[in-house]
1. Which residues, counting only those in segment 34-48, are buried (at least 16 other Cβ atoms within 10 Å of the Cβ) and part of a loop (DSSP other than H, G, I, E, B)?
2. Step by step: first the residues of segment 107-117, then only those that are touching an Asp or Glu at 6+ places or on another chain (Cβ under 8 Å) and part of a loop (DSSP other than H, G, I, E, B), then the one that is nearest to Val95 (Cα to Cα). Which residue is that?
3. Show me the helices (runs of 4 or more DSSP H) entirely contained within segment 171-283 in which 3 or more residues are modelled with pLDDT of 65 or more and among the hydrophobic types (A, V, I, L, M, F, W, C).
4. Anything in segment 1-25 that is open to solvent by less than 80 Å² (accessible area, probe 1.4 Å) and within 12 Å of His45 (Cα to Cα)? List them, or say none.
Amino acid sequence: MGTPAFPNLGKHCSVDDCKQIDFLPFTCDRCDQVYCLQHRSYKQHRCPHGDNQGVTVVICPLCAKGVRLKPDEDPNITWESHVNTICDPKNYEKVTKKRKCPVVGCKEILVFSNTVKCKDCSTDHCLKHRFGPDHKCPGPPKSNTGFPFMGLLTSSSRKEVPRPKAPVQSTSSVWSRFVNAAETGMAKLSNDFNQVLQVGQGSKSSSNSGGSGGQEVCPQCNARFSSVTALVEHVQKAHEKSNNRMGVRKSTIDACPKCSRGFTDPVALVEHVEKEHGGTSRA
């Protein structure tokens, strides 16, 4: 039987007139004999137990599994062997209490492959009713977050339930407070702006009045300049060299810190500050 390389490969048919070697034999579930492809059926090999072809299955009330009864065995023995071996009462809830689609009229049982959870209502549905309009989705739950004064509105509305106009009055009062606060803030802002504007105009007028119309006069040649910087450059270029040649001491120009007017005499600068800008020379 078999080949030299595989001596145990294949089996002979159990029919006496056949005895054909078959590398893919069939085993009868009644007589437990090996047969070839031609004699695999009960009728072809004339199985002595072939008349009992009926299969009886009993559903176990403990685990809800099917128990197949053997024809040549007592049903009580078969039942007892099932209870002692593979019976699991925890499987009863899984089998009997199957989840179904919550849509009215839908009897689809929800399993792993056809279950879809809605993102809005977080409820499992079948593939047919997975969209919101199909299962009449109520939408996500409403949150109570809002403006800070909404808590005052809700508390006042709860206290004044018999009065239907109470929420309207509370809303109008809150709105009036908001408008009054806004008007007060705008008035304060305008006052501050006017004060800053007046201070700027006063300093500008004082600088113009103290600066002789915005022109600086050279103390040596009476030339007029628009700024102290130009006057200093003129003195350094025009009169510094001539004074050095003639042996005259170099004169310095002091600028007023308020209006930038130049003075060669420090005493005149102090008198100018006291007279024009209300300052004092005393320590």
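The values are calculated or read from the model by the stated rules, or taken from the named source; none is laboratory data. Keep in mind it's a predicted model, so treat the numbers as computed, not measured. Methodologically, a virtual Cβ is constructed for each residue, glycine included, from the backbone with ideal geometry; neighbour enumeration extends over all protein chains shown. Heads up: the accessible areas ignore ligands, DNA and RNA and are worked out on the full protein's heavy atoms, side chains in. Shrake-Rupley method; radii C 1.70, N 1.55, O 1.52, S 1.80 Å.
1. Hits for segment 34-48 are Cys36, His39, Arg40, Tyr42, His45, Cys47.
2. At the first step, the residues of segment 107-117 found to be touching an Asp or Glu at 6+ places or on another chain (Cβ under 8 Å) are 110, 114-117.
Now restrict to residues that are part of a loop (DSSP other than H, G, I, E, B): 110, 114-115.
On the way: Leu110: 12, Asn114: 17, Thr115: 17 Å.
Per the criteria, the residue is Leu110.
3. Of the helices (runs of 4 or more DSSP H) lying wholly inside segment 171-283, those with at least 3 residues that are modelled with pLDDT of 65 or more and among the hydrophobic types (A, V, I, L, M, F, W, C) span 228-234, 266-276.
4. Listed by number, the residues that qualify are Cys13, Ser14, Val15, Cys18.
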